[in-house]
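Worksheet: the structure to be examined is printed underneath.
The values are calculated or read from the model by the stated rules, or taken from the named source; none is laboratory data. Note that the coordinates shown come from a computational prediction; the quantities given were computed from them, not determined experimentally. Quick reminder, even Gly has a Cβ in these numbers, built from the backbone with ideal geometry, and neighbours come from all protein chains shown.
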Amino acid sequence: MGELVKDVTTHMSTLVRSEIELAKLEVTSSVKQGATGAVFFAAAGVIGAFSLFFFFFMLGEILAIWLPRWASFTIVFALMVVLAAAFAFLGLRKVKKVRKPEKTIASLEQTAQTLKSAATHSGPAAV
């Protein structure tokens, strides 16, 4: 009986370590994709902040009524807004690709089912 308990403990320990390793692998992959998406969002934020500067500068030039000058700042502003939108789109696309660790979840559910069925089959006589 003691040997059986020792075997079960050893196998459980190995199983738990394997589950943790699988979770690490899956989460690492998802974190990398999430980090790439975050970089794109950061780029969109920086470009958006600079775009606001040009927008307000453009408004100042419009008030001065120098058409060629504000027209050029309008073009720069529009270009930066398009770039910010492109980076935001790329960031969103990368973040949507982040997945939950499905293999780990399935494996843990299977382990839980196995333990439940083993507990019900062994009954009170095994204790």
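Looking at Ala38, Ala44, Ala23, Ala49, can you tell me which residue is out of contact with any strand residue (DSSP E or B) (no Cβ under 6 Å at 6 or more places or on another chain), exposed (fewer than 12 other Cβ atoms within 10 Å of the Cβ) and not assigned by the TED database to the domain that holds Ser107? Full working, then the answer.
On the way: Ala38 fails: exposed (fewer than 12 other Cβ atoms within 10 Å of the Cβ); Ala44 fails: exposed (fewer than 12 other Cβ atoms within 10 Å of the Cβ); Ala23 fails: exposed (fewer than 12 other Cβ atoms within 10 Å of the Cβ).
Going through Ala38, Ala44, Ala23, Ala49 in turn, just one is out of contact with any strand residue (DSSP E or B) (no Cβ under 6 Å at 6 or more places or on another chain), exposed (fewer than 12 other Cβ atoms within 10 Å of the Cβ) and not assigned by the TED database to the domain that holds Ser107: Ala49.
Could you list, ordered by first residue, the pairs with Cβ atoms under 8 Å in which the first is in the range 102-127 and outside the structural domain of Gly2 (by the TED database) and among the hydrophobic types (A, V, I, L, M, F, W, C) and the second is modelled with pLDDT of 80 or more and assigned to a helix (DSSP H, G or I), at least 6 apart or interchain? These pairs meet every condition: Leu108/Glu19.
Answer yes if at least one residue in the range 72-91 is out of contact with any Cys (no Cβ under 6 Å at 6 or more places or on another chain) and in contact (Cβ under 8 Å) with a residue 60 or more places away in the chain, and no otherwise.
Narrowing the range 72-91 to residues out of contact with any Cys (no Cβ under 6 Å at 6 or more places or on another chain): 72-91.
Filter once more, keeping what is in contact (Cβ under 8 Å) with a residue 60 or more places away in the chain: none.
No, every residue in the range 72-91 fails to be out of contact with any Cys (no Cβ under 6 Å at 6 or more places or on another chain) and in contact (Cβ under 8 Å) with a residue 60 or more places away in the chain.
Okay, residues lined up against (1) surrounded by 15 or more Cβ atoms within 10 Å (Cβ to Cβ); (2) modelled with pLDDT of 85 or more:
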| site | (1), (2) |
| --- | --- |
| Trp66 | no, no |
| Ala85 | no, yes |
| Thr104 | yes, no |
| Leu115 | no, no |
| His121 | no, no |
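Annotation note: of Thr28, Thr10, Thr36, the sole residue that is touching a helix residue (DSSP H, G or I) at 6+ places or on another chain (Cβ under 7 Å) and without any contact (Cβ under 8 Å) to a residue 60 or more places away in the chain is Thr36.
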